[in-house]
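Contents: one structure, followed by commentary.
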Amino acid sequence: MSPKITLSLATELIAEQFPQWAHLPIKPVEVSGHDNRTFRLGKEMPIRLPSAEEYAPKVQKEQKWLPILAPYLSISIPQPLAMGQPSKNYPWHWSIYRWIEGKSANILSIDSVPLQPLAPALAQFLNKLHKIDTHGGPLAGPHNFYQGGSLSVYDAETRSAIVQLQGLIDTNAVTSVWEKALCSTWDKDPVWVHGDLSAGNILVKDGQLAAVIDFGGMGIGDPACDLVIAWTLLTQKSRKTFREHLSLDPNTWARARGWALWKALITIVPLKDKSCLEAVRNQRIINEILSEDELTY
């Protein structure tokens with residue numbers, strides 16, 4: 001059973017393990033996320049505590065690899081300052097990072113997110129990420145929910161979701177896009193992937209991309225999984241700009257469409273109210289994927 005992560009727990013852990021910072025105020029952040037609970041320590045540091053056992057291995061992975069990746073990237077990424085140890089009231093490792101100023105793209109209104117300048121900046125981030133030496137990097141697997149690996153891992157889950165959503169989606173068209181995505185694999189050397197390049201992990205400041213955060217899903221493999229942002233955040237015009245700044249082949253984009261479909265489908269299925277905002281947003285993503293001619297990729 002996962003522990004209840006509270007402000008008092010975060011305060012206790014800091015006092016026990018990092019007494020040099022015990023005098024600093026601690027408060028929850030505006031949006032904490034699902035995989036981790038985040039608190040702000042003073043003005044310069046966030047504390048991130050994994051919310052469940054399956055997310056705990058990400059801590060040590062970030063602690064090891066983020067300092068290696070950072071010098072090669074064009075924008076800020078999290079800088080680990082310390083790693084907390086398991087305690088009597090909290091069973092896993094946890095992290096303290098240097099604070100990065102910026103607003104998460106998922107809490108900004110859609111009209112205030114600067115998509116047109118954001119698109120080439122995100123593409124540049126990925127281009128630089130893909131050029132970093134992958135020696136010793138973690139291959140896709142359970143540690144990052146197979147991001148960068150084969151879509152076939154999620155074939156049964158995706159087909160089940162398609163059946164369950166009959167009447168809500170164009171099941172024939174969705175199945176066709178999904179099967180097209182399964183028809184190819186990444187046949188080049190593995191590259192670094194972020195693994196969860198979503199609006200919630202993109203920070204914007206003064207109308208520009210300020211940082212990409214939360215690298216817990218990082219690994220090496222197929223870059224297709226990181227292209228999902230083309231549909232989950234970008235719109236038609238900015239999506240085209242994003243695509244034009246990436247030198248990736250049509251098959252990789254076909255797999256990217258598959259990754260985006262899988263995520264949207266499995267998000268809708270458990271929602272009791274299929275007309276709620278989250279369901280509608282993911283139906284829109286599916287419809288945009290289906291409306292685009294795959295030849296444009």
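Cβ separations smaller than 8 Å between residues 6+ apart or across chains give the following pairs from segment 107-122 residues that are closer than 19 Å to ASP196 by Cα and at pLDDT below 90 to residues that are assigned to a loop (DSSP other than H, G, I, E, B) and open to solvent by 60 Å² or more (accessible area, probe 1.4 Å): ILE107/GLU30; ILE107/VAL31. What do you reckon, is GLN85 farther than 30 Å from LYS237 by Cβ and open to solvent by 30 Å² or more (accessible area, probe 1.4 Å)? In short, yes. Can you say whether LYS263 is touching a helix residue (DSSP H, G or I) at 6+ places or on another chain (Cβ under 8 Å) and over 16 Å from GLN124 (Cα atoms), as far as the supplied structure shows? So LYS263 fits the description; yes. One residue stands out among those in segment 43-59 that are part of a strand (DSSP E or B) and touching a helix residue (DSSP H, G or I) at 6+ places or on another chain (Cβ under 9 Å): the one that is surrounded by the most Cβ atoms within 10 Å (Cβ to Cβ), which is ARG48.
Per-residue answers, yes or no, for (1) outside any helix (DSSP H, G or I); (2) open to solvent by 30 Å² or more (accessible area, probe 1.4 Å); (3) not hydrophobic (A, V, I, L, M, F, W, C):
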| residue | (1), (2), (3) |
| --- | --- |
| PRO91 | yes, yes, yes |
| PHE125 | no, no, no |
| ASP133 | yes, yes, yes |
| GLY137 | yes, no, yes |
| ASP155 | no, yes, yes |
| ASN172 | no, yes, yes |
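Once segment 9-42 is narrowed to residues that are touching a residue at least 40 places away in the same chain (Cβ under 8 Å) and within 15 Å of LYS103 (Cα to Cα), the residue that is most open to solvent (accessible area, probe 1.4 Å) is GLU30. Would you confirm whether or not segment 251-265 contains a residue that is assigned to a loop (DSSP other than H, G, I, E, B) and farther than 24 Å from LEU118 by Cβ? No, every residue in segment 251-265 fails to be assigned to a loop (DSSP other than H, G, I, E, B) and farther than 24 Å from LEU118 by Cβ. Among the residues making up segment 228-241, a single one is β-branched (Val, Ile, Thr) and either in contact with a Cys (Cβ under 7 Å, 6 or more places away or on another chain) or open to solvent by less than 10 Å² (accessible area, probe 1.4 Å) (or both): ILE229. The set of residues in segment 266-280 that are assigned to a helix (DSSP H, G or I) and within 22 Å of LEU151 (Cβ to Cβ) comprises ILE266, THR267, ILE268.
The values are calculated or read from the model by the stated rules, or taken from the named source; none is laboratory data. These numbers come from a predicted model, not from an experiment. Glycine also receives a Cβ, built like all others from the backbone with ideal geometry; neighbour counts cover every protein chain displayed. Areas reflect the complete protein model, heavy atoms only, side chains present, ligands, DNA and RNA absent. Shrake-Rupley method; radii C 1.70, N 1.55, O 1.52, S 1.80 Å.
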